[in-house]
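Colleague: Just passing along the structure, written as structure tokens.
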Amino acid sequence: MNLRQLEAFRAFMMSGSTKGAAELMGVSQPAISRLIDQLERKTSFPLFDRAKGRLVPTPEALLLYEEVERTFVSVDKVRELAADIRAAHVGQLSIAVLPALALRFLPLVIERFRATHPRTTISMTIQTSSKIEEWAAAQHIDFGIAEYPFIRAGVEAEDFCRVPQLIALPHGHALERKKIIAPKDLAHEAFISLTGNTTGRHLIDQVFQRAQVARRLVLETQYVAVVAEFIARGLGVGFVDPFTAQDFHGRIVVRRFEPDVDFHLAVLHPAHRPLSRAARAFLSLLRAARNEVL
């Protein structure tokens, strides 16, 4: 016996006639009769009494129907799950992101995603760019957002943004009157910096070395959000990315810096594992939120 025969039998038992069964299944009445005849041959016992031109279920048919109904409850659940997967309504996402996007930007995107995909579970880990690249190459995550450059094989990188970093100042700072700030303007300022093991710190160091300007470093931290918090408290000046600048809107003043110091991010995912429907739906919201910020 096959599933189609059982569907015809179930439809008949639910509707009480071949006509009703045909309407439920969207087929002709002869097709229903043929499927039921095939099922009877497979079971080797009569399912219906055909006296007086009507199909009357036998006791054996009633017993079979109970089991068929239990089976179709499971089948219906499978169909519902398949529909949810097709619509990206259900699944699991494992994401790794660098700290600059983790405090407010990613939670905003997750909030929007959860509004339409409440049955998808999400794991978000905050990591350094090198660790995110490592995890993507090892297929430990569905995707991550990390800062260039990348060196590992087995990773596909899609540009997420390439924008200039900004100089952040406390409110009321003397440099607030300038529209564009250069390295020489910061020569005597208390400077708050990322630690030396970050890509951003390396790029900023190169700019000041080329300009032959020595900074007065007063504080170092691993996280741009902490740099911004120190600046908001009037402890110095420093660089922030546009996402962190958005997070601290109203608490710090930002200005353009020349020459540009790139904030260059990519979405990384395993090269040999296709993105799930849920991941593609999330990335669509992620790009839209990025466009709002930038």
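Colleague: Whole-Hz Karplus ³J(HN,Hα) for the range 237-242, in order, using 6.51 cos²θ - 1.76 cosθ + 1.60 and θ = phi - 60°, x for Gly and Pro?
Modeller: 10, x, 8, 9, 7, x
Colleague: On each of the three principal axes of the Cα atoms of the range 166-260, give max minus min coordinate, whole Å, ordered largest first.
Modeller: Sorted largest first, the three principal extents are 32, 29, 22 Å.
Colleague: Do you know the relative contact order of the chain, to the nearest whole percent, from alpha carbon pairs under 8 angstrom that are 6+ apart?
Modeller: Relative CO of the chain lands at 21 percent.
Colleague: Still on this model: For Val27, what charge total do you get from the other residues with a beta carbon under 15 Å from its beta carbon, if Lys and Arg give +1 and Asp and Glu give -1?
Modeller: Details: positive: Arg4, Arg10, Lys19, Arg34; negative: Glu7, Glu23, Asp37.
With Lys, Arg at +1 and Asp, Glu at -1, the net is +1.
Colleague: Which net charge results for the neighbourhood of Leu64, defined as the other residues with beta-carbon distances under 13 angstrom from its beta-carbon, given Lys and Arg at +1 and Asp and Glu at -1? Walk me through the numbers on the way to the answer.
Modeller: On the way: positive: Arg10, Lys42, Arg70; negative: Glu40, Glu60, Glu66, Glu67, Glu69.
Overall, the nearby charge balance is -2.
Colleague: Further, regarding this structure: Given a 10 angstrom Cα cut-off, can you work out which residue in Ile181, Ile95, Ile145 is the most mobile in a GNM of the chain?
Modeller: Result: Ile181 has the largest fluctuation of those listed.
Colleague: Something else about it: Please sort by residue number the trypsin sites (Lys or Arg not before Pro) in the range 102-196 whose DSSP state is loop and whose Cβ has at most 10 other Cβ atoms within 10 Å.
Modeller: Values: sites: Arg104, Arg112, Arg114, Arg119, Lys131, Arg152, Arg162, Arg177, Lys178, Lys179, Lys184; in loops: Arg104, Arg152, Lys178, Lys179.
Within the range 102-196, the qualifying trypsin sites (Lys or Arg not before Pro) (loop, at most 10 other Cβ atoms within 10 Å) are Lys179.
Colleague: Starting from the amide H of Phe263, placed 1.01 Å from N in the peptide plane, find each other amide H under 5 Å away whose residue is 5 or more places distant or on another chain.
Modeller: Under 5 Å from the amide H of Phe263: Val163, Gln165.
Colleague: Further question: With a cut-off of at most 12 other beta carbons within 10 Å, and DSSP calling the residue loop, which trypsin sites (Lys or Arg not before Pro) in the range 232-294 qualify? Please list them.
Modeller: Passing sites in the range 232-294 are Arg233.
Colleague: Then there's this: What is the range 166-260's relative contact order, in percent, from Cα pairs under 8 angstrom and six or more apart in sequence? Mind dumping the intermediate values first?
Modeller: Working: 166 pairs, mean separation 45.3, N = 95.
Relative CO of the range 166-260 lands at 48 percent.
Colleague: Calculate the radius of gyration of the Cα atoms of the chain to one decimal place, then report Dmax, the largest Cα-Cα distance, as a whole number, both in Å.
Modeller: 31.5, 105
Colleague: Here is a further query. Could you pull out every residue, at least 5 positions away or on a different chain, whose amide H is within less than 5 Å of the one on Val237? Hs are placed 1.01 Å off N in the peptide plane, and Pro or chain starts have none.
Modeller: For Val237, the qualifying residues are Ala190, Phe191, Ile192.
Colleague: Ranking Glu60, Glu147 by Cβ neighbours within 10 Å, fewest first, what do you get?
Modeller: Glu60, Glu147
Colleague: Kindly work out what percent of the DSSP beta bridges joining two residues of the range 166-260 are antiparallel, to the nearest 5.
Modeller: Close to 45 percent.
Colleague: I would also like to ask the following. At 222 nm, what value in deg cm²/dmol follows for the chain if DSSP H runs of at least 4 each add -39500 (n - 2.57) and the sum is divided by all its residues, to the nearest 500?
Modeller: Using -39500 (n - 2.57) per qualifying helix, the result is -14000 deg cm²/dmol.
Colleague: Right, another one. Can you list the residues, at least 5 places off or on another chain, whose amide H is less than 5 Å from the amide H of Gln222, using H built in the peptide plane?
Modeller: Thr195
Colleague: Roughly how many Å is it from the Cα centre of the range 145-160 to that of the range 47-65, as a whole number?
Modeller: 65
Where a number appears in this text, it was derived from the coordinates with a stated rule and is not lab data. Keep in mind that what you see is a predicted model, and the values were worked out from it rather than measured. Counting neighbours? That spans all protein chains shown, and the Cβs are built from the backbone with ideal geometry, glycine included.
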